[in-house]
Amino acid sequence: LRQLFQNLLDSGLKPKTVSNIRGTFSVALGDAVGDGLLLTNPVPDAKLRKQHRGTRKPGPAPSARKKVLEPDELQRFVSWCLVNEVTNQWAVPLLLIANTGMRRGEALGVAWDRVDFARRLLTIDQQVEQLDDGTLVVRPVKTEQSNRIIELTPGTVALLRRLRARQKVVHMDGLIFTDRSGQPYIPDSLTQYVCKNLRAKLQMPDKFTPHALRHTHASGLLEDGVDEAIVAARLGHSSAYITQLIYNHATTAGDGVAASKWARRVGE
C-alpha cells in the first residue's frame with residue numbers, strides 16, 4: 001500500500017487526491033477487519049511521506065505570477081478607468097474586477113440590490129454566462145465558496161454611487177451592467193475589448209486581460225500581508241491551500257483588512 005500511494009504521487013496526482021484514496025482504502029479494509037476477513041487494517045502503517053501530505057508550503061506558481069500587473073501598469077489602468085467611467089461602458093466593470101478580484105462573469109452579474117452602500121458590502125451570488133447557442137443567462141455562481149460577501153473600498157462605493165445616479169432606468173433583473181435593451185454585457189466582449197483595444201491604448205503587455213486583474217488583486221493583498229484564508233474567501237477559492245498554490249506569498253495580517261489594504265495600493 002505504501003508503494004501504491006507513492007506511485008500515485010509520482011504519477012502526478014495531487015497530495016489531497018492521494019490522501020482521499022488512502023482514506024477510502026482505510027474505510028474499506030476496516031470493514032474487512034470487522035467482517036473477519038483481515039486481522040488488522042494495514043492502512044495506518046502505510047503513511048504518506050510528510051512532504052506529500054499537503055502541509056508544506058507549495059513552490060512558486062509562475063503561470064499565475066506572470067499574469068500580475070506591475071504597480072505602474074496597475075496605476076495606468078486605474079487612471080484610465082476613472083477618466084473614462086462615463087464615456088466607456090467597460091471602465092466601471094473592469095475597475096470593479098480590479099478592486100474586488102471578481103471573475104468577469106461575476107462582475108457582470110452583480111445587481112444593485114446586492115450592493116449595501118451603507119456598510120460597503122457586496123454580495124456575489126450570481127454570474128453572467130453565454131451558452132453554446134449564444135444565449136446570455138444570469139445564473140447562480142458555480143460553487144458554495146463562490147457565493148460570498150466581500151467588503152468594498154470607499155472608492156469603489158463612490159464609483160458605483162456615481163454610476164447609479166447616471167442610470168435613468170434600472171431593468172427588471174436589476175443588473176448594474178446592461179446595454180440599452182436591458183441585456184447583460186457579454187463576458188467575451190469584455191475580454192475582446194481589453195485584448196484588442198485597451199491593451200494597445202494603454203501600452204500594456206500581453207498578460208493584460210480581465211483575469212489578470214483578478215490575479216493582480218490577489219497577489220497585491222498577499223504581498224501586503226493579508227492572510228491566505230481571507231484572500232481565498234474574497235476570491236471565492238475553495239480553500240486557502242488553493243490560494244497558496246497559485247500565489248505562494250507569506251502572510252501575516254488578519255481579517256477585515258483586505259479592502260483597506262487594496263485602497264492604499266491603488267491610491268484611494
> Looking only at residues in region 19-46 that are charged (D, E, K, R) and surrounded by 11 or more Cβ atoms within 10 Å (Cβ to Cβ), which one is farthest from the chain's Cα centre (by Cα)?
Replying inline: 31
> Which members of region 144-162 meet the condition of being open to solvent by 90 Å² or more (accessible area, probe 1.4 Å) and in a strand (DSSP E or B)?
Replying inline: 149
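Listed here are the residues, each with its yes/no results for (1) at pLDDT below 95; (2) more than 16 Å from residue 176 (Cα to Cα); (3) open to solvent by less than 40 Å² (accessible area, probe 1.4 Å).
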site: 94; (1), (2), (3): no, no, yes
site: 97; (1), (2), (3): no, no, yes
site: 100; (1), (2), (3): no, no, yes
site: 134; (1), (2), (3): yes, yes, yes
site: 138; (1), (2), (3): yes, no, no
>> Can you tell me which of (1) open to solvent by 60 Å² or more (accessible area, probe 1.4 Å); (2) assigned to a helix (DSSP H, G or I) is the one residue 203 doesn't meet?
In response: (2)
>> Take the conditions buried (at least 20 other Cβ atoms within 10 Å of the Cβ), among the hydrophobic types (A, V, I, L, M, F, W, C), modelled with pLDDT under 95 and out of contact with any strand residue (DSSP E or B) (no Cβ under 8 Å at 6 or more places or on another chain) and apply them to residue 69. Does it pass?
In response: yes
> Which number in (1) over 24 Å from the mean Cα position of the chain (by Cα); (2) in a helix (DSSP H, G or I); (3) among the small types (Gly, Ala, Ser) marks the one condition that residue 118 misses?
Replying inline: (2)
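Just checking, which of 205, 187 is farther than 20 Å from residue 105 by Cβ, touching an Asp or Glu at 6+ places or on another chain (Cβ under 8 Å) and not basic (Lys, Arg)? Break it down stepwise before answering.
Details: 187 fails: farther than 20 Å from residue 105 by Cβ.
Criteria check complete, one pass: 205.
Evaluate region 163-171: report whether one residue or more is over 20 Å from the mean Cα position of the chain (by Cα), part of a loop (DSSP other than H, G, I, E, B), touching a residue at least 40 places away in the same chain (Cβ under 8 Å) and at negative phi. Steps first, answer last, please.
Kept after step one, since they are over 20 Å from the mean Cα position of the chain (by Cα), are these residues of region 163-171: 163-171.
Within this subset, residues satisfying the condition of being part of a loop (DSSP other than H, G, I, E, B) are 167-171.
Among the residues that remain, those that are also touching a residue at least 40 places away in the same chain (Cβ under 8 Å) are: 170.
Narrowing the set further to residues that are at negative phi leaves 170.
Yes - at least one qualifying residue is present in region 163-171.
Within region 233-249, is even one residue modelled with pLDDT of 85 or more and surrounded by 22 or more Cβ atoms within 10 Å (Cβ to Cβ)? Full working, then the answer.
Step one: filter region 233-249 for residues modelled with pLDDT of 85 or more, giving 233-236.
Adding the requirement that they be surrounded by 22 or more Cβ atoms within 10 Å (Cβ to Cβ) leaves 234-235.
Checked region 233-249: at least one residue is modelled with pLDDT of 85 or more and surrounded by 22 or more Cβ atoms within 10 Å (Cβ to Cβ).
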> Taking the stated definitions as given, is residue 214 crowded, with 21+ Cβ neighbours inside 10 Å, among the charged types (D, E, K, R) and part of a helix (DSSP H, G or I)?
Replying inline: yes
> Hey, any hits in region 183-194 for a residue that's in contact with a strand residue (DSSP E or B) (Cβ under 7 Å, 6 or more places away or on another chain) and open to solvent by 90 Å² or more (accessible area, probe 1.4 Å)?
Replying inline: yes
> So which of 130, 75, 126, 89 is over 28 Å from residue 201 (Cα atoms) and either open to solvent by 20 Å² or more (accessible area, probe 1.4 Å) or at pLDDT below 95 (or both)?
Replying inline: 126
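Within region 172-197, which residues are under 22 Å from the mean Cα position of the chain (by Cα) and part of a helix (DSSP H, G or I)? Break it down stepwise before answering.
Residues of region 172-197 under 22 Å from the mean Cα position of the chain (by Cα): 175-177, 184-195.
Across region 172-197, the qualifying residues are 187, 188, 189, 190, 191, 192, 193, 194, 195.
The values are calculated or read from the model by the stated rules, or taken from the named source; none is laboratory data. A quick note: this is a predicted structure, and the numbers were derived from the prediction, not measured. Counting neighbours? That spans all protein chains shown, and the Cβs are built from the backbone with ideal geometry, glycine included. The accessibility values were calculated without ligands, DNA or RNA, using every heavy atom of the protein model including side chains. Shrake-Rupley method; radii C 1.70, N 1.55, O 1.52, S 1.80 Å.
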